[in-house]
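Asks: Dropping the structure in here first, questions after.
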Amino acid sequence: MRAAATTTALAGPLVRAARAVVANVEQVLKPEELTFDQWLVLDALATESGLAMAELAERTTTPGPTLTRLVDRLVTNALLYREVAPEDRRKVLVHLSRRGQNAHRRIAPRVAAVERDLLTGLRSGAGLLDSLRELAGD
């Protein structure tokens, strides 16, 4: 007996495409001893340093406990540092260190090249990227 065809043709291909992007980007990150999730943190902080953990969790779509472990590891590797927010001592801000800034500057063009190569092979790659950002609420 054949399985019934799914009514949605978006979820499966979208998840497989996301996994393919992650796998390709991880090839760039592996020699740098970074994971994809660590890269998302570095990249978010390169755009806007001094984010609270809640803001960083939202931008990276990473659950709080997982983000804490990621940030701890990046702090241990001197890519990030934490500071108490001057306006609210209960809040901790996360920043890229100079070493983190240099790492991001060195790695970002290679990640962008991988992403560009992946989009180039697609029909209307730029339109697809815009559509995915819209779907994600960005």
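The values are calculated or read from the model by the stated rules, or taken from the named source; none is laboratory data. Model, not experiment: these values are computed from the prediction. Because the Cβ atoms are built from the backbone with ideal geometry, glycine has one as well, and the counts that use them run over all protein chains shown.
Conditions tested, residue by residue: (1) of a type in the set (Val, Ile, Thr); (2) modelled with pLDDT of 95 or more; (3) within 20 Å of residue 112 (Cβ to Cβ).
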| residue | (1), (2), (3) |
| --- | --- |
| 7 | yes, no, no |
| 10 | no, no, no |
| 20 | no, no, yes |
| 23 | no, no, yes |
| 35 | yes, yes, yes |
| 71 | yes, yes, no |
| 77 | no, yes, no |
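Asks: Can you pull out every residue in the stretch 26-44 that is within 10 Å of the chain's Cα centre (by Cα) and either in a helix (DSSP H, G or I) or farther than 16 Å from residue 75 by Cβ (or both)?
Replies: Once the filter is applied, which keeps residues that are within 10 Å of the chain's Cα centre (by Cα) and either in a helix (DSSP H, G or I) or farther than 16 Å from residue 75 by Cβ (or both), the stretch 26-44 yields 36, 37, 38, 39, 40, 41, 42, 43, 44.
Asks: Output the residues belonging to the stretch 78-105 that are closer than 20 Å to residue 54 by Cβ and in a loop (DSSP other than H, G, I, E, B).
Replies: Listed by number, the residues that qualify are 86, 87.
Asks: Has the stretch 20-28 got at least one residue that is loosely packed, with under 14 Cβ neighbours inside 10 Å, in contact (Cβ under 8 Å) with a residue 12 or more places away in the chain and not hydrophobic (A, V, I, L, M, F, W, C)? Show your work before the answer.
Replies: Initially, the stretch 20-28 is screened for residues loosely packed, with under 14 Cβ neighbours inside 10 Å, giving 20, 23, 27.
Imposing the further condition that a residue be in contact (Cβ under 8 Å) with a residue 12 or more places away in the chain reduces the set to 20, 27.
Adding the requirement that they be not hydrophobic (A, V, I, L, M, F, W, C) leaves 27.
Yes, the conditions are met somewhere in the stretch 20-28.
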